[in-house]
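The values are calculated or read from the model by the stated rules, or taken from the named source; none is laboratory data. For clarity, every value in this text was computed on a predicted model and none was experimentally measured. Reconstructed Cβ throughout: ideal geometry from the backbone, glycine too, with neighbour counts over all protein chains shown. SASA here: full protein model, heavy atoms, side chains in, ligands and nucleic acids out. Shrake-Rupley method; radii C 1.70, N 1.55, O 1.52, S 1.80 Å.
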Amino acid sequence: ELARQIAVEHIDGLIVDSAALACGADPEKADSAIAYFNGLRVMRLKWSLTVAHQSKGMDEKDPMPFGSVFWWNSPRIIWQARATRMEGTPGLHVGLWNHKNQHDDTAAPLGFKLLFSPGRVALETEPPRQVETFRQHVGQQQQVLAALEDAQGVPCSYSELAEVTGIPVRSLDVVVPRMGGRVAKSGGGFVLAEYG
């Protein structure tokens, strides 16, 4: 019935929120995931976006919806979303991490800040490294950039960067030189190039 309506209305795309509700019972089971993706294919859409949730108690580093490989294998692209509120700053911070992309290399993480006011929501982009709770989920170079941004031009040594980021000094000795023109040497340490 839905496929007929999509054809009649010339609908190109579909957003499903959420996968668990669309599947009915037991979304973590293989049969549910297979039936869901077969249903999407029957609709002959140009695109679809499915919002799925991780089961409670799962390791948040595991990007598989419902902890099921069937929810991992069928989609062409998978993004994992994290949201947080930072004390002392307004709005909601949302980070997106691309864990799977069948057509290309995975994309860099994306960050957004949502600001709410009566009758209005404003959306701003921001690097995920600028949100403290997201830093553990970005690459080592991004963690170094965040530490140097926080230092605001005060030079940081390898040991100081290691203390702030948790990255071992022996790894920083490899990471920092690869950062090219973004980092400059200054006073026995490193600063962002704009301060150098």
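Remarks
- Note on segment 98-196: with charges restricted to the Cβ of Lys and Arg (+1) and Asp and Glu (-1), its dipole about the Cα centre is near 120 debye.
- Annotation note: chymotrypsin sites (Phe, Trp or Tyr not before Pro) in segment 121-196 located in DSSP loop regions with a Cβ neighbour count of at most 16 within 10 Å are 195.
- R0 of 45 Å, Cβ-Cβ distance residue 25-residue 124: FRET efficiency to nearest 0.05: 0.70
- Here the spin labels are modelled as points 7 Å beyond Cα on the Cα-Cβ line, and at residue 104 and residue 77 they lie 0.8 nm apart.
- Spin-label pair residue 194/residue 35, simplified geometry with 7 Å Cα→Cβ offset, distance in nm: 5.4 nm
- Estimated FRET transfer efficiency (residue 114, residue 9; beta-carbon r; R0 35 Å; 0.05): 0.70
- Note that segment 98-105 has calculated 3J(HN,Hα) couplings of 8, 9, 8, 8, 5, 9, 6, 5 Hz, one per residue in order, obtained from phi through the Karplus relation 6.51 cos²θ - 1.76 cosθ + 1.60 (θ = phi - 60°); glycine and proline are x.
- Structure-derived Kirkwood radius over Cα pairs in Å: which label, when the choices are (1) 18.3; (2) 19.8; (3) 20.4: (2)
- Amide H contacts under 5 Å for residue 86, placed H, 5+ residues apart: 93
- Whole-number accessible area per residue in Å² for the chain, which is evaluated in the context of all protein chains at 1.4 Å: 64 Å²
- Projected label points at residue 18 and residue 133, each 7 Å from Cα along the beta carbon direction, are separated by 1.7 nanometres.
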